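The values are calculated or read from the model by the stated rules, or taken from the named source; none is laboratory data. Values in this document were obtained by computation on a predicted structure and should not be read as measured data. Cβ placement follows ideal geometry from the backbone for every residue including glycine, while neighbour counts extend to all protein chains displayed.
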Amino acid sequence: MCTQGVIQLIGKPVNEKQAAVSFNLLPGSDPVAMGCFLSIWEGSRTLSSSEALQTRRINSGELFGDHIFDKLSIGKKNYIVGLGIDKGRATETIVATLSLGVSAILNQPLPAVYSNISVNADNIGTDFLIAHFASPCCNQIKANKKWIALFQGEFNSAIYNGTNMIATSKAAPYQYSGSIIMKNIPKGLARFETYTLIFGQGLDKFGDLDYTKLISSCTFIVWRSKIYIGASATSPFSASSPTLINAI
């Protein structure tokens with residue numbers, strides 16, 4: 001069982017001109033360091049924040065909040081709302097979206113897509129795991145490194161400093177969803193122990209993983225699985241196993 005944490009985006013059209021949007025970041029996030037923002041675009045594709053109809057920067061300490069996008073033509077035009085990070089930078093990326101189509105019903109929730117990370121019990125070995133990730137398939141100004149990192153224990157504020165990090169893996173550029181195998185985990189994965197897997201985006205100025213850019217988490221306990229006993233990262237997978245992205 002995996003307990004997930006995601007950046008949430010919830011919204012609804014309230015009349016023919018306005019849409020109400022609520023957001024909820026991960027606990028302990030720094031919206032300024034992340035460069036968080038909300039934008040709305042006409043059409044069904046997100047672009048850069050500079051090309052948006054309206055943009056609202058998320059301020060320091062604002063882990064949750066509400067916003068009204070106005071001067072819209074709801075029921076006549078399609079719109080898409082995005083919550084993004086790295087506003088105005090080459091690595092600007094949308095991590096959650098809401099679709100506001102012409103068929104949207106007033107005061108009814110809009111379809112949402114969140115970035116998320118998960119791991120199934122049967123994808124955990126003695127010294128490896130297979131993580132499954134997804135994020136909105138939308139425009140990026142430049143390829144932004146997506147990565148996963150494994151930590152000992154439950155989700156906590158020390159993760160933002162990389163404390164107790166055990167292992168990391170990176171996804172391919174412009175890969176919006178798929179699976180990543182994390183191999184040769186130091187000291188292995190102990191039965192009945194708790195771990196937290198983090199899904200993040202971006203590197204710091206030194207080229208290392210930027211732990212301020214966390215967009216999803218998955219906390220799990222290692223139970224007995226089909227491949228755990230006697231398995232290793234070099235064990236063969238069945239033909240039905242998902243396509244994997246090797247650790248970089």
_Tally up the residues in the stretch 29-60 that are closer than 22 Å to Val102 by Cα, among the charged types (D, E, K, R) and part of a strand (DSSP E or B), please._
1
_Of all residues being over 13 Å from Phe199 (Cα atoms) and at pLDDT below 90 in the stretch 127-143, which is surrounded by the most Cβ atoms within 10 Å (Cβ to Cβ)? Just the residue, please._
Pro136
*Of the residues Ser103, Ser177, which is surrounded by fewer than 16 Cβ atoms within 10 Å (Cβ to Cβ), outside the structural domain of Leu72 (by TED's automatic domain parsing) and among the hydroxyl-bearing types (Ser, Thr, Tyr)?*
Ser177
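Give Leu209, Leu203 a once-over and let me know the one that is at pLDDT 85 or above and either surrounded by 17 or more Cβ atoms within 10 Å (Cβ to Cβ) or outside the structural domain of Gly82 (by TED's automatic domain parsing) (or both). First the steps, then the outcome.
Values: Leu203 fails: at pLDDT 85 or above.
Only one candidate qualifies: Leu209.
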*Identify all residues within the stretch 96-132 that are in contact with a Cys (Cβ under 9 Å, 6 or more places away or on another chain) and part of a strand (DSSP E or B); write none if there are none.*
Thr97, Val113, Asn116, Ile117, Ser118, Ala131
*Could you list, in sequence order, all residues of the stretch 154-174 that are crowded, with 17+ Cβ neighbours inside 10 Å and acidic (Asp, Glu)?*
none
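Here's the yes/no breakdown for (1) in contact (Cβ under 8 Å) with a residue 12 or more places away in the chain; (2) under 25 Å from Tyr211 (Cβ atoms); (3) hydrophobic (A, V, I, L, M, F, W, C); (4) out of contact with any Ser or Thr (no Cβ under 7 Å at 6 or more places or on another chain):
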site	(1), (2), (3), (4)
Glu51	no, no, no, yes
Leu63	yes, yes, yes, no
Leu72	yes, no, yes, yes
Ile85	yes, yes, yes, no
Thr91	yes, yes, no, yes
Leu106	yes, no, yes, yes
Leu110	yes, no, yes, no
Asp122	yes, no, no, no
Ala134	yes, yes, yes, no
*Take the stretch 173-199 and flag every residue that is more than 21 Å from Tyr114 (Cβ to Cβ) and in a strand (DSSP E or B).*
Ile181, Met182, Thr194, Tyr195
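Among the residues of the stretch 200-218, which ones are in contact with a strand residue (DSSP E or B) (Cβ under 6 Å, 6 or more places away or on another chain) and not in a loop (DSSP other than H, G, I, E, B)? Walk me through it before giving the result.
Pass one, the stretch 200-218, residues in contact with a strand residue (DSSP E or B) (Cβ under 6 Å, 6 or more places away or on another chain): 200-201, 209-210, 213-218.
Once the filter is applied, which keeps residues that are in contact with a strand residue (DSSP E or B) (Cβ under 6 Å, 6 or more places away or on another chain) and not in a loop (DSSP other than H, G, I, E, B), the stretch 200-218 yields Gly200, Gln201, Leu209, Leu214, Ile215, Ser216, Ser217, Cys218.
Here's the yes/no breakdown for (1) more than 15 Å from the chain's Cα centre (by Cα); (2) farther than 24 Å from Ala90 by Cα; (3) modelled with pLDDT under 90:
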site: Lys146; (1), (2), (3): no, no, yes
site: Phe151; (1), (2), (3): yes, yes, no
site: Ile166; (1), (2), (3): yes, yes, no
site: Lys183; (1), (2), (3): yes, yes, no
site: Pro186; (1), (2), (3): yes, yes, no
site: Ser217; (1), (2), (3): no, yes, no
site: Ile221; (1), (2), (3): yes, yes, no
site: Thr243; (1), (2), (3): yes, yes, yes
